[in-house]
Amino acid sequence: MGYFKERLYQQYVILFIFYFMSMAALSSLITVYMRDIGKNGSEISFILILSNIIALIIQGLIGYSNEQWGTRKTVTIYVLISAVISMGLFFFTGNWLFGLVYGLANAITLGLAPLFDVLAANSPYRFGQIRLWGTIGYAAGQQISGIIYDFLSPKSIFILYLACYFASIVFLYTLPKPEQPIVSSEQPAEKKEEISGGHTIRNIFQNKLFITYLLLAFIIFGTNTVNTSYLPLLLTDTGAPVAIVSTTLTVALFAEVIAMAFSHRFMDHFTNKQLLLAVLFLSGTEYLINFLSDDFLVLSIATVLTKFFASGTFIMLNLKMVSTLLNRKLIATGTAVVAMLSRNIGTIFFQLMAGPVIDNVGLNYLYLILFVFTVLAAVIALLFKVPAQPKERLFS
């Protein structure tokens, strides 16, 4: 545990806390905020779909920018752009204007997250030792957001977002500048392919196992992201105040912290398929309970025991799967492709269903749909002949 005293480790800790705190401040209560300013289920769904359509474009731009500029410059430029854009959140309430402003700000914030996961994977420390602080930061941001939402004003969550966002840039520059492999344009094609581990961006999509994984990630990311968006509404619909709901979600988030903290104990010891099926089992259990129950205590217990163990494990499993199917040198590119095609398109797909379902039959029935798709993903996962482990251990 001596790394806690190392200045470099402390710098990673503060960076991850502030960045993920800003993410929570912007998005964790956004559906509650939109409902409070008078939007119905279809309007909320429209804005979230618009956000993910924008994210689909932004993710590709961020991936390209990272290859050209490196992590520091990419994060700095995009954070500054989204900070300026997000000022519109204080003034706009119309569906299109609010949707564009929130969509751009949220798309950039989420789009930069894979770069932080790669920073954690490439740090001198185990992935879980770094990434768990992101979850703690998200939990803190969610809790603080709930308190200031109730006791100051709903718009104060956007002030918290901006303050944490700028702080994350400052602490990014305290880290040593990452060394990146240089591939000269004068090198022969065979040498370039050797450096990239035998895979290039052109032939990633010729990998049939990777394409199958994109489909699984499409369902897992899509259902989980929609669940994250509407879970605060599901809990507040039971009559619980926003601050109590935030506290419940914060407590639940510590399940993700536990998963990250003990990642070295299980992530490299269980196979990809075992971990994948465990994630799907936990997610499916939560969705089924959310469909069947309208009791705050039951829903809270289900959230604490299932959601964040599943989401925390899948964050790490995504890195492991990409490293297994492609190559550790292509983790950044592979995770960007997964985020762009699976997370964003998956979220758009499920958001298209969410609005009409909520308005016509109720929020609980959305969770029945999520459950059915999770069962479908489990069937695909059982047939998925993925290699058991990557060549290099990522978490030990």
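The values are calculated or read from the model by the stated rules, or taken from the named source; none is laboratory data. None of the values given here were measured: they were computed from a predicted structure. In this analysis, Cβ positions are derived from the backbone assuming ideal geometry, glycine residues included, and neighbour counts consider all displayed protein chains. Side chains are part of the model used for accessible areas, which takes the heavy atoms of the whole protein and leaves out ligands, DNA and RNA. Shrake-Rupley method; radii C 1.70, N 1.55, O 1.52, S 1.80 Å.
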Asserting the computed 222 nm helical MRE of the chain (DSSP H runs at least 4 long, -39500 (n - 2.57) per run, divided by residue count, to nearest 500) equals -24500 deg cm²/dmol
Over the chain, with neighbouring protein chains present, the accessible area per residue in Å² at probe 1.4 Å is 42
For the stretch 127-179, the Cα convex hull volume per residue in Å³ comes to 77
Stokes-Einstein, Kirkwood over Cα pairs, the stretch 8-110, 20 °C, 1.002 mPa s; D in µm²/s equals 147
Rh (Kirkwood, all Cα-Cα pairs) for the chain, Å, reads 21.2
Answer check: the stretch 1-172, Cα atoms, Kirkwood Rh, Rg/Rh ratio of 0.99
For Lys155, placing the label point 7 angstrom along Cα-to-beta-carbon and taking the stretch 80-114, residues whose amide nitrogen sits under 17 Å are 84-95, 97-99, 101-102
Of the convex hull enclosing the alpha-carbon atoms of the stretch 91-146, the direction-averaged projected area in nm² is 4.9
The rounded separation in angstrom of the Cα centers of the stretch 287-322 and the stretch 88-113 is 26
Unit-weight point scatterers at every alpha-carbon of the stretch 201-381, Debye formula, q = 0.09 1/Å: log10 I(q)/I(0) is -0.32
Counting every C-alpha pair in the stretch 282-371, the percent lying more than 16 Å apart is 64
For the table Lys155/Lys307; Lys5/Lys155; Lys320/Lys385; Lys273/Lys307; Lys73/Lys307, the rows whose alpha-carbon distance is greater than 26 Å are Lys155/Lys307; Lys5/Lys155; Lys73/Lys307
In the chain the accessible area split gives carbon plus sulfur, as whole percent at 1.4 Å, a share of 67
